[in-house]
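Presented below is the structure to which this report refers.
The values are calculated or read from the model by the stated rules, or taken from the named source; none is laboratory data. Because the structure is predicted, anything quoted here is derived from the model rather than measured. So basically every Cβ, Gly included, is an ideal-geometry build from the backbone, and we count neighbours across all protein chains shown. Just the protein is used for accessible areas: all its heavy atoms, side chains included, with ligands, DNA and RNA removed. Shrake-Rupley method; radii C 1.70, N 1.55, O 1.52, S 1.80 Å.
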Amino acid sequence: MLSRKVMCNSHGQDSSYFLGWQEYERNPYDPVHNPSGIIQMGHAENQLSFDILESWLESNHEVAEFKSDRGASVFRDMALFQDYHGLTAFKNALADFMAELRGNKVEFDPNSLVLTAGATSANETLMFCLADPGDAFLLPTPYYPGFDRDLKWRTGVEIVPIHCSSSNSFHITKNTLEDAYKRATKRKLRVKGVLITNPSNPLGTTVSRPELETLVDFIASKDIHLVSDEVYSGTNFDGSRFISVAEVTEGQVDLSGQVHIMYSLSKDLGLPGFRVGVIFSANQTVITAATKMSSFGLMSSQTQYLLSVMLADKKFTRKYLIENKRRLKKRHEKLVNGLQRAGITCLESNAGLFCWADTRHLLQPNNFEGEMGLWKKILFNVGLNVSPGSSCHCDELGWFRICFANMSEETLDLAVSRLVSFVESDGGACRRRGRFGLQLRAPAASMAKWVLKLSVPDRKAEQSR
Ligand SMILES: Cc1ncc(COP(=O)(O)O)c(C=O)c1O
């Protein structure tokens, strides 16, 4: 009765990443109403600087009331505005903000931006523009689990992993790129490009200039595209400068049609509900097609209006970015130090809203079942929803992504103390009603079904998804 698209499994939402969320939603932690519930550490959300945004809104309340700076109402204009090119004032302010995030080393032409409903929509739109069903994009592992849905599901594009490993801190090399390309060609897939996240989700690291140069040389030699998802570009909290691929390709006119950047305000400003995404490309054919496609996922004029004024307030945005990074750094340190107390180290990182934690020594047995077993214990016995490395297609077992910016400091302290107790207690051989006093419900039916079938073929399916 229904379409194959609807019935197929390629949306990727049955991975442990999304199932952990479902469990959290059934039993969410609340300090007053549900103190033994599950703490959400699988959500890369930035809630650390709402107070700064709120105080700006208070001092600029007329903007939210549809008033212009001269006090006149803009309500009717906004109510009718539906041009998919977007509000000029917003695109100008966004282009300037993106340049500022890159230390003003590069400029973005507002006419080369396409507005979309979040980065999710931007990524899918780019896939529709750059590849046909059955074509492949190469992605370094581990990667953001949402890409299985965003890049593949509706477009029919295939993802071929670029296998990165902890032996060189998961850096991308010429060899790993060539290896992925070869594997794709062996599968008779036409490779259309490479997609990276910079800073990386889930590693929390910025991509170095030599790595970017390797990537640019690679896509030039193969005559394919490079997409750089830079949604975390304002989160580099350790004082080092974020280097965008735009900086590396600056002046290389022959490559400008092949390099595309996407960005959103979901992470740096903590506004995922506003659905503000953007594609930047110097390829005018891509911009024209993506602009037409943006009809399917436009950003509201109300949001554009509000943010055009906020982002144009450069004194405010500069102050915000500095303070937000200071807060992220503090949180990051708190989590890294707390995990260290539990004997867990993290990959050295300098950006993002999460840590990439190494729990390889806790795996029993040291295989996929061991990772799923540990994840289930952490979810059901300890009451923390963290994301297993396998859901990020990591080639090595025993890594977990743990988020730190979507909760209060007290909740993070509690999460860490739960984890420390868990590791101290007999390697975590906890009972269902554990020593943390958790009132744990039975896993949801979908989860129970999924965790029961942890056979080798399932592992392969999870990892190749
Ligand atoms: C790397 C990456 N790209 C895209 C997205 C989606 O962002 P948005 O909320 O703007 O759709 C996320 C969200 O976690 C992400 O981590």
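Looking only at the range 165-187, filter to residues that are part of a helix (DSSP H, G or I) and hydroxyl-bearing (Ser, Thr, Tyr); which one of those is farthest from residue 357 (Cα to Cα)?
Per the criteria, the residue is 185.
So residue 355 fits all but one of (1) crowded, with 21+ Cβ neighbours inside 10 Å; (2) part of a helix (DSSP H, G or I); what number is the exception?
Result: residue 355 fails condition (2) only.
Could you give me the residue pairs with C-beta distances under 6 Å whose first residue belongs to the range 306-333 and is surrounded by 13 or more Cβ atoms within 10 Å (Cβ to Cβ), whose second residue is small (Gly, Ala, Ser) and part of a helix (DSSP H, G or I) wherever it lies, and which are 6+ apart or on separate chains?
Pairs found: 308/89; 308/93; 311/93; 312/93.
Please state which one of 151, 189 is within 16 Å of the ligand (Cβ to nearest atom), of a type in the set (A, V, I, L, M, F, W, C) and touching a residue at least 40 places away in the same chain (Cβ under 8 Å).
151
Could you check, for the range 234-248, whether at least one of its residues is away from the ligand (no atom under 16 Å from the Cβ), open to solvent by less than 10 Å² (accessible area, probe 1.4 Å), assigned by TED's automatic domain parsing to the domain that holds residue 299 and at pLDDT 95 or above?
Looking for residues that are away from the ligand (no atom under 16 Å from the Cβ), open to solvent by less than 10 Å² (accessible area, probe 1.4 Å), assigned by TED's automatic domain parsing to the domain that holds residue 299 and at pLDDT 95 or above, one finds none in the range 234-248, hence no.
Out of curiosity, is residue 132 more than 21 Å from the chain's Cα centre (by Cα) and either more than 14 Å from the ligand (Cβ to nearest atom) or in contact (Cβ under 8 Å) with a residue 40 or more places away in the chain (or both)?
Here the answer is yes, as residue 132 does meet what is asked.
When you look at residue 273, is it surrounded by fewer than 23 Cβ atoms within 10 Å (Cβ to Cβ), assigned to a helix (DSSP H, G or I) and within 16 Å of the ligand (Cβ to nearest atom), yes or no?
yes
Please determine, by comparing only the residues of the range 258-270 that are over 12 Å from residue 119 (Cα atoms) and not in a helix (DSSP H, G or I), which one is farthest from the ligand (Cβ to nearest atom).
259
Please indicate, with yes or no, whether at least one residue in the range 215-227 is closer than 19 Å to residue 104 by Cβ, within 16 Å of the ligand (Cβ to nearest atom) and open to solvent by less than 40 Å² (accessible area, probe 1.4 Å).
no
Hey, can you tell me all the residues within the range 53-108 that are under 27 Å from the mean Cα position of the chain (by Cα), open to solvent by less than 90 Å² (accessible area, probe 1.4 Å) and at positive phi?
Once the filter is applied, which keeps residues that are under 27 Å from the mean Cα position of the chain (by Cα), open to solvent by less than 90 Å² (accessible area, probe 1.4 Å) and at positive phi, the range 53-108 yields 86, 103.
Answer yes or no: is there a residue in the range 282-303 that is touching a strand residue (DSSP E or B) at 6+ places or on another chain (Cβ under 6 Å) and open to solvent by 20 Å² or more (accessible area, probe 1.4 Å).
Taking every residue of the range 282-303 in turn, none turns out to be touching a strand residue (DSSP E or B) at 6+ places or on another chain (Cβ under 6 Å) and open to solvent by 20 Å² or more (accessible area, probe 1.4 Å).
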